[in-house]
Ligand SMILES: [Zn+2]
């Protein structure tokens, strides 16, 4: 990693054992570009990010945002679609935003295809029916193999408090 690259990274998560850095701006964009939310309007977190105590244990590897079926889901930053289709009975889309940085969306019926380049705001698909994620968009972020809270990408965004009554 060059010094110039390092200067564009910001530390977003610290644990005793690891330091996770993700770009302050998506690859290929100016450093002032912020990540945007995958759905428009005010974000309501229905289920928060719950990292598993150990990688193999259960947790909630993303956040669930309230989103009605058919809500348009958009790329939060420029990237490359690396997965779009069914995965273990769910409709999943994954976008790579740079080396080792992936965001994942489900349940979403894709309108993009694998290998497609997307810009910030490009529609990826629409929220689909799901028993597990009913009227929700599950948004995941993986940085170098480790799940991170994707809300960390949205530093200037106001969030509604988690709504536990809508479980
Ligand atoms: Zn979820």
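Going residue by residue through segment 82-97, is there one that turns out to be surrounded by 21 or more Cβ atoms within 10 Å (Cβ to Cβ), away from the ligand (no atom under 16 Å from the Cβ), outside any strand (DSSP E or B) and in contact (Cβ under 8 Å) with a residue 60 or more places away in the chain? No.
Hey, does segment 130-144 have a residue that's away from the ligand (no atom under 16 Å from the Cβ) and under 20 Å from residue 35 (Cα atoms)?
yes
Scanning segment 38-61 for residues that are crowded, with 20+ Cβ neighbours inside 10 Å and closer than 21 Å to residue 122 by Cα, we see that the one that is modelled with the lowest pLDDT is 43. When 69, 81 are checked against the criterion of being modelled with pLDDT of 95 or more and within 14 Å of the chain's Cα centre (by Cα), 81 stands alone in meeting it.
Taking the conditions (1) within 16 Å of the ligand (Cβ to nearest atom); (2) crowded, with 19+ Cβ neighbours inside 10 Å in turn, residue 77 satisfies each one other than (1).
The values are calculated or read from the model by the stated rules, or taken from the named source; none is laboratory data. No experiment lies behind these values; they were computed from the predicted model shown. Note that we place each Cβ from the backbone using ideal geometry, even for glycine, and neighbour counts take in every protein chain shown.
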